[in-house]
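Please read the structure below before turning to the comments.
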Amino acid sequence: MIHHIMNRGERMKYRRLGKTDLKVSVVGVGTWQFGGDWGKDFNQPEVDRILNRAKELGINLLDTAECYGPHHMSENFIGNFLSRDRREDWIIASKFGHHWEDQWQNAWDTKQVRLQLEESLKALRTDYIDLYQFHSGSDEVFNNDDMWTMLDKQVQAGTIRHLGISIGSNKNIYQTNRASELNAKAIQVVYNRLEQEPEAEVLPSCMEQDLGVLARVPLASGFLSGKYKPGTVFTDNVRKNRDREENEAKLRLVEEIQRTEVPAGANMAEWALAWCLQHPAVSCVIPGCKSVEQVEANAKAVDLVRVDHPGTWRN
Ligand SMILES: NC(=O)c1ccc[n+]([C@@H]2O[C@H](COP(=O)([O-])OP(=O)(O)OC[C@H]3O[C@@H](n4cnc5c(N)ncnc54)[C@H](OP(=O)(O)O)[C@@H]3O)[C@@H](O)[C@H]2O)c1
């Protein structure tokens, strides 16, 4: 249990991302939010403030995607920031598989993916992406040797440092098991105190293959911050479209967890992130972030994180 391993006052901790040479901060920043779907539009100064603060706190990992906001919006915000910062200080994880035409559409053809890479590099204002992830496509589009061959050539050319797979379903063991064969070195999966399904098959397979694991949605879409009570009506594009009854059941469970598992006085968001980070397969969490206050709170989770984790970065 987390309160037995508390070690307050430590600074950022780092882990190796599977068999890559990447040293990632255990807490990263998820940037789907910068695309405007979460009930708040962003501007460049706000993004700069969040990312500057993240850097001060030792965070070096940003997770973005081709389709967070129209026309690579999240990537553009990050790219503008990077153009005034040291690119090499950051590990940029982005994704492929979608194309904007009035709205985001699937685009898994090899040529389309190649074009998306060009567009992402341009938006990010960089000549390489550290981790380029298959963005939650079906097994059918995943089984495209031509696409993986093209991506591998990009790895050889240096435009992509490493390939990854962001699995759409938490139990997609098929795509997880094929990762090493396709030269993919990291899996991104939904993993949090409310969603433990990956523990059954996906996380063991990642350990077996020595893949890095990015735990996404680590706050269960904000529910595990403990700030929402049953009866909350969501108005943002993401949470308002989810099943109302399911939301209610989750919020009731969160109340129970807060009462029975979270140590008195602890911040629940910090506790929830540290909960994910105690699994031996997990390299980092990538909580989505909307403000400087949130990035600060999320970075504090590191004080609850144990240093004897098998992924701990050793100099
Ligand atoms: N298929 C894929 O590959 C895929 C899918 C989903 C997400 N992702 C990635 O994973 C990242 C994280 O997932 P997510 O954003 O969906 O879910 P999440 O990280 O579980 O929740 C993020 C939300 O929690 C709230 N929050 C964050 N920090 C907080 C804090 N310290 N205290 C209180 N509330 C806080 C914010 O919303 P409010 O303040 O509005 O509550 C924020 O928008 C995304 O940004 C994206 O990069 C990838």
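Brief remarks on what is shown
- Some residue of segment 224-239 being surrounded by 18 or more Cβ atoms within 10 Å (Cβ to Cβ), touching a strand residue (DSSP E or B) at 6+ places or on another chain (Cβ under 9 Å), among the aromatic types (Phe, Trp, Tyr) and at pLDDT 95 or above: no
- Across segment 201-222, not a single residue is classified as more than 12 Å from the ligand (Cβ to nearest atom), surrounded by 13 or more Cβ atoms within 10 Å (Cβ to Cβ), modelled with pLDDT under 95 and over 18 Å from LEU17 (Cα atoms).
- Residues of segment 258-302 that are more than 26 Å from MET207 (Cβ to Cβ), among the β-branched types (Val, Ile, Thr) and in contact (Cβ under 8 Å) with a residue 12 or more places away in the chain: VAL262, VAL292, VAL295.
- When segment 148-177 is limited to residues that are over 30 Å from GLN258 (Cα atoms) and in contact (Cβ under 8 Å) with a residue 60 or more places away in the chain, the one that is nearest to the ligand (Cβ to nearest atom) turns out to be GLY164.
- Test: residue in segment 11-34 that is farther than 26 Å from ALA301 by Cβ and under 17 Å from the mean Cα position of the chain (by Cα): no
- Residue among SER180, SER138 that is out of contact with any Ser or Thr (no Cβ under 7 Å at 6 or more places or on another chain), within 14 Å of the ligand (Cβ to nearest atom), over 30 Å from VAL295 (Cβ atoms) and of a type outside the set (A, V, I, L, M, F, W, C): SER138
- If the condition is being more than 18 Å from PHE134 (Cβ to Cβ), more than 9 Å from the ligand (Cβ to nearest atom) and hydrophobic (A, V, I, L, M, F, W, C), then segment 17-60 contributes VAL24, VAL26, VAL27, PHE42, VAL47, ILE50, LEU51, ALA54, LEU57, ILE59.
- When segment 11-37 is filtered for residues that are crowded, with 20+ Cβ neighbours inside 10 Å and assigned to a loop (DSSP other than H, G, I, E, B), the ones remaining, listed by number, are LYS13, LEU17, GLY18, THR20, LEU22, VAL26, GLY28, THR31.
The values are calculated or read from the model by the stated rules, or taken from the named source; none is laboratory data. Quantities reported herein were computed from a predicted structural model and do not represent experimental measurements. Counting neighbours? That spans all protein chains shown, and the Cβs are built from the backbone with ideal geometry, glycine included.
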